[in-house]
Amino acid sequence: MKSDIILAGVGGQGILTIATIFGSAALADDLYLKQAEVHGMSQRGGDVQSNLRLSSKPIHSDLIPKGAADLIVSMEPMEALRYLPYLSPKGWIVTSTLPFVNIDNYPDLEAVKAELQKHGHVVAFDMEAVAKEVASARSSNLVLLGASSPFVDIPQDKIEKAIEGLFGRKGPQVVEANIAAFRRGREMALQTK
Amino acid sequence: MRTKRLLLGDEALALGAIKAGLSGAYAYPGTPSTEIMEYVQGDEESRRRGIHCHWSSNEKTALEAALGMSYCGKRAITSMKHVGLNVAADPFVNSAMTGANGGLLVISADDPSMHSSQNEQDSRFYGDFAMMPMLEPSNQQEAYDMARKGFELSEHLHIPVLVRMVTRLSHSRAVVETENEADLENHLHYPANPRQWVLMPAVSRERNRQLIKDQEKFVYESEKSQFNRLEEGEDHSLGIVASGIAYNYLQEVFGGKVPFSVVKIGQYPLPVKMLKHLRDESDAILILEEGQPFIERQMGGLLYDGKTIYGKLNGHVVRDGELTPDEVARTIKALRPEAAGLKAHKEGNAPENVVGRPPALCQGCGHRDVYGAMNAALEKYPDAKVFGDIGCYTLGFLKPFNAIDSCVDMGASITMAKGAADAGQFPSLAIIGDSTFTHSGMTGLLDAINENSNIVVVISDNLTTGMTGGQDSQGTGKLEEICLGLGADPAHVRTIDSLPKLHDKIRDLFEEEMQYPGLSVIISRRECIQTARRHASAKK
């Protein structure tokens, strides 16, 4: 088993939560793992990414080489495109299509979406809209986690255990909402894949 | 018994220290080192044992306090970012002269690529000129293991040990095997040679000779260190020296089977014999190191025998920014295109519809109100200069505020504004955050007060150390008293809340104080929106 994943988004969108959940699920599954994060200045509304590497064999580098990523997982469509140089030809993109516009030169959204579709292996939908249907907008990142989960070889129950572990202290309602968001995202991706 | 845990490099180092009998941690927050102290503060065992873990005012006070703990025989760590070591440079270099009693680790986290820093300085140069042994972990497990080893070295060699971290290790998580049981902390005991802690010239000369003599011992420790090793390869057309995380990138690009002989470096001073062996069996040498060409310069001098050394100085390895597996692969491919097993990935498409997304001040951040009102007040003064400082408010340089003219080092806003006013600049303003003010702004303010310099000092107080994630700020609740205590005129120490509805009032306050021909301090205050949210949700 080997999954090299680039997680992308804008500071504050919750991509590190996705990394944390994959991380504890991987630890429970006895996998090797390396996960490089961004802290500091760029967390203030700038572009952020995390390199997440999971493997059944020891991992050397904390960074994923260009052209080697199996998966780009993004909370934001333009941020998904930013990491295309890292994607392997067989790799998949799983991204929300909802743009986060905090800059005045954001490119034409239709052009962004068209460029995503050009890649072929894409799961793209509005994660926030789906999150609102099953839980609330705050669970958008859990929808994304669900949508990316069919591409990562970790059993579903281990990921759900990790979600419980992370949100457990906030009460059963929060856990249920996040599990629902995760499952819905997973279903959506399985329909596309 | 050992337990597997998922830890950042910073956290692994902190936990390693706790398990190795740590008694005190001292630090000032700074990316990428902050999580070391935060881990000690959050760890249950650390709380149970009462390990000291209060933030210090700056890196100098932190290192001195850690040295005091070491004097009393206990194990201490002090952690900082690379530019923090500049602030602590005086006690750092002199702590090699006093030596250590209890194990003392000085942890400096470098930030190549400048993710959140002003420069790319490489802490290993400090270790070298202080003549101090150094450790440089290549992965999270080594970071954990090096804490204990570092304490042992420090106590065995009677000297502090510099631990060099880098961003990609500090902020990368991996599974680490950790001990369940911790060592007992040292009992309070005094140095065997108390005289060498008094660095008067007569003592220092003696101690300096001893330190020079000890270098041989330090090299001997490096030769037999578990963190330095020679891995023999079959292809001797190139020998590679790889330190710290550069070693991982080398392993990555060959899938773990490097055809060349490699010396992996994790402990300094350099293991001379090991490197001579590599040199003798190889046609040429390649140096892979994260940061500046430190090993490369030493190899050039210490081991030079006419063989080519490929590295950053002659442009074979890129000289600025972080190393990456891609850069290591490119370098080796250019030097040895036929190298067996070099993995080649085809880079993905270059994106077309992507633009930069620079960071910005949060919506609801009080710094925004300060800059908005300040810019309004300065409309009448096109020649105004605003000297900035280090923190979230440095983002005031960017759109939409474009409000500051400088950002140099912690505290420089006040002293640069003073120097500019001395040169005839008017209006001359300084903007500094509360935590930066107590870190290094107070002494500069005293200078300005003593000469009644015609400047306006704005302390944008958000009651926290915001940029690094909201650590306690040492001046919270005391800023007015500090300014008055330093001798500022009470009529010109003005306080206001940084709120949108007070925009006109803040603007007028700036105008009034610019008109006053002397030193003014404006303290504009509003809790950081990030910590305010956290406090609100904690109350629920």
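The values are calculated or read from the model by the stated rules, or taken from the named source; none is laboratory data. All figures in this text were calculated on a predicted structure; none of them were measured in a lab. Backbone-built Cβ (ideal geometry, glycine too); neighbour counts: all protein chains shown. For the accessible areas, the whole protein counts, side chains as well, though only heavy atoms, and no ligand, DNA or RNA atoms are used. Shrake-Rupley method; radii C 1.70, N 1.55, O 1.52, S 1.80 Å.
Stick to the Cα atoms of the range B:76-166, pair each with every other, and give me the Kirkwood hydrodynamic radius in Å at one decimal.
Values: mean 1/r = 0.0767 Å⁻¹.
Evaluated on the range B:76-166, it is 13.0 Å.
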Whole Å is fine, so just give me how far the alpha carbon centre of the range A:68-93 lies from that of the range A:102-116. 16 Å
Acute angle (nearest 10 degrees) that the helix B:201-223 long axis makes with the longest principal axis of chain B, alpha-carbon atoms: 50 degrees
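Order B:Met114, A:Met78, most accessible first, counting only protein heavy atoms with a 1.4 angstrom probe.
B:Met114, A:Met78
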Mind checking which lysines have their C-alpha under 27 Å from B:Lys501, skipping anything on the same chain fewer than 8 residues away? B:Lys380, B:Lys385, B:Lys399, B:Lys478, B:Lys539
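Using the crude model of +1 on Lys and Arg Cβ and -1 on Asp and Glu Cβ, and no other charge, please compute the dipole size for the protein assembly as shown relative to its Cα centre, in debye to 20. If you can, show how the numbers build up before the last one.
Working: 76 positive and 93 negative charges, 234 e Å.
Around 1120 debye, computed over the protein assembly as shown.
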Sequence gap at least 6, Cα distance under 8 Å: using those rules, report the relative contact order of the range B:1-58 to the nearest whole percent. 40 percent
Please list A:111-117, B:31-37 highest first by mean number of surrounding beta-carbon atoms within 10 Å per residue. B:31-37, A:111-117
Taking Cα atoms only, helix B:529-539 is inclined relative to the longest principal axis of chain B by an angle, in degrees rounded to 10, of 90 degrees
List the aspartates and glutamates whose Cα lies under 16 Å from the Cα of A:Lys193, skipping any in the same chain that are fewer than 8 positions away. A:Asp70, A:Asp153
Strictly under 4.7 angstrom between C-beta atoms: which cysteines of the protein assembly as shown have no such partner? B:Cys53, B:Cys72, B:Cys392, B:Cys407, B:Cys483, B:Cys528
Would you mind calculating the relative contact order of chain B from Cα pairs under 8 angstrom and at least 6 residues apart, reporting the percent as a whole number? 11 percent
Contact order relative to length for the range A:29-119, counting C-alpha pairs under 8 Å separated by 6 or more residues, stands in percent at 22 percent
When the charge dipole of chain B is computed with +1 on Lys and Arg Cβ and -1 on Asp and Glu Cβ about the Cα centre, the Cα farthest towards its positive end, among B:Pro517, B:Val457, B:Gly239, belongs to B:Gly239
Would you mind giving the total buried accessible surface between chains A and B, with a 1.4 Å probe and ligands, DNA and RNA left out, rounded to the nearest 100 Å²? 4200 Å²
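Tally up the carbon and sulfur contribution to the accessible surface of chain A as a whole percent, 1.4 Å probe, everything protein left in place. Could you put the intermediate results ahead of the total?
Details: 3740 of 7530 Å².
Here carbon and sulfur together make up 50 percent of the probe-accessible area.
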Accessible area (Å², 1.4 Å probe, nearest 10) - B:Leu7: 10 Å²
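In the structure displayed, which of A:Lys118/B:Lys346; A:Lys2/A:Lys132; B:Lys217/B:Lys276; B:Lys19/B:Lys149 lie more than 21 Å apart, Cα to Cα? All intermediate terms of the calculation are to be shown ahead of the outcome.
Numbers: A:Lys118/B:Lys346 18 Å; A:Lys2/A:Lys132 33 Å; B:Lys217/B:Lys276 18 Å; B:Lys19/B:Lys149 12 Å.
Violating the 21 Å Cα-Cα cut-off are A:Lys2/A:Lys132.
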At q = 0.05, 0.08 1/Å the base-10 log of I(q)/I(0) from the Debye formula over the alpha-carbon atoms of the protein assembly as shown is -0.27, -0.70
With no solvent and one point on each alpha carbon, what is the Debye value of log10 I(q)/I(0) for chain B at q = 0.06, 0.08, 0.12 Å⁻¹? -0.34, -0.60, -1.16
